[in-house]
Amino acid sequence: MVNRFKKRITSCQIHTICCGFSPLKFSKILLKRRTEGRTVRFYFYTEYSLATNVDVTLMFATYSVSALTHDMEKHCNIEIAAKVVRVSTNQNEGEHEKYRLEGLMESPSVDDDGECFSSILLNSTSLNVEAYYNKAVNYTLMVTFISFLQVLLLIRQMEHSNTQSGAAKVSIIMIGQQAIMDAYLCLLHLTAGILVESLFNAFATAAFFKFVVFSIFEMRYLLAIWKASRPLNSGEGWEIMRRELSVLYSRFYGILLGGILLMYELHNFLRPLLFLMYSFWIPQIVTNVIRDTRKPLHPQYILGMTATRVAIPLYIFGCPSNFMRIEPDKKWCIAVTAFMGIQAAVLLLQHYLGSRCFIPRQILPEKYCYHRKVEDSTNQPIDCVICMTTIDLSQRTSEYMVAPCEHIFHSGCLQRWMDIKMECPTCRRSLPPA
């Protein structure tokens, strides 16, 4: 009799439990056992809320039995007649409700084998599927709303830099990094919808909006920036243009696939990888300093994108009742919020105070001066080729601008021209930033 109870049930497959007229179907329940004398306790999770004080009958189940003293496995057909009793608790369990299942396990096919049955006590935890699904649907609504806001912000930014000169000021790495992030989110939500069939519509909607953000708007903006960054090659043939464009797309999707493999291999370092992905403002900061660009990004785009990008990781790692049941990490949430806030603050400082406002002047390269004195030795009037009016060189130097190619224009005329093209209106030579 002692050896009979020195056994342990390692796994259990429950196919159908009948509760009155409503059968509950389970595909697989993973049990954890603990043996205390003649009592074996099991702990498992079920996707159904069971009614209290209901007699249940297990129609068919199989389990494996192995001895503690020597290797042995035995498969048995069993029947269980049990009662489900709700456990009274003073604590709020959220989406979980605890039950106690007591009954008798019998093996009708084996009458003389005591290893296939015993009196058991089961402690179970049921998942409130309705509350779980409501949280998941609310999350997808949040992602959909965020994607809609990002579309509006992208439209505003594209209008802000709708000229060739404005698009050339934007970092192509910054936009490409955001497009890759949205592509990952699209794939993740689509995969989640496929795995959880009952939530497919909600997750597929969120995936569709993310697909619209990265495939229509961000890729279009990426292409506009790429075209603006190579104005001198605009007269090349279509074959060369198409070949370079195919290289651009192949690099984008190559980085996309390579990032998936990298995250799979380094899944234990997911949070440092997320920190790396959320450093997408840094390429624009560096570009502003190197090129000394003036106001490449709209302030609303900077603030809006910062807030919408950080919303999803804050929900996953900061919300204590998120639907993925991930333990909150307040330190990481504070760190990623501060990291994004610092990047946005630097961009705003560059927007209002200049792109090199925090760089010491001693280490800055010498900047070309457009407002330099020009001696009029011929005493002949000089016309501005932009507005076709005469330029008075006797006025202050702030009233006119001299290009490196020695062509002279009104200050206002050349400034407006440089907002569209960074080329000399007369000879088409490239112009340095003003």
### Sorted largest first, extent of the range 187-302 alpha carbons per principal axis (Å)
53, 34, 32
### Summary
Proxy exposure order for Leu141, Leu195 (fewest C-beta within 10 Å first) is Leu195, Leu141
### Task
Express in whole angstrom the spacing between the alpha-carbon centres of the range 270-317 and the range 383-434.
35
#### Entry: Sparse-neighbourhood loop sites, GluC sites (Glu not before Pro) in the range 177-267 - DSSP loop, at most 13 other Cβ within 10 angstrom
Glu236
### Task
Would you mind checking Lys210/Lys421; Lys295/Lys367; Lys169/Lys367; Lys367/Lys421; Lys227/Lys367 for any pair whose Cα atoms are more than 29 angstrom apart?
Lys210/Lys421
#### Entry: Tensor-based shape of the range 321-414 (alpha-carbon gyration tensor, a/c under 1.5 rounded, otherwise prolate or oblate)
prolate
### Message
So if I take the alpha carbon set of the range 139-363, get Rg, then get Rh from the Kirkwood formula, what is the Rg over Rh ratio?
### Response
0.98
### Query
Normalized C-alpha radius of gyration of the range 158-243, against 2.2 N^0.38 Å?
1.41
### Task
For the range 366-434, take the alpha-carbon Rg, divide it by the Kirkwood Rh, and send me Rg/Rh.
0.93
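Coordinate-derived values only; no laboratory data. Computed from a predicted structure; not experimentally measured. Glycine gets a Cβ as well: all are built from the backbone with ideal geometry, and neighbour counts include every protein chain shown.
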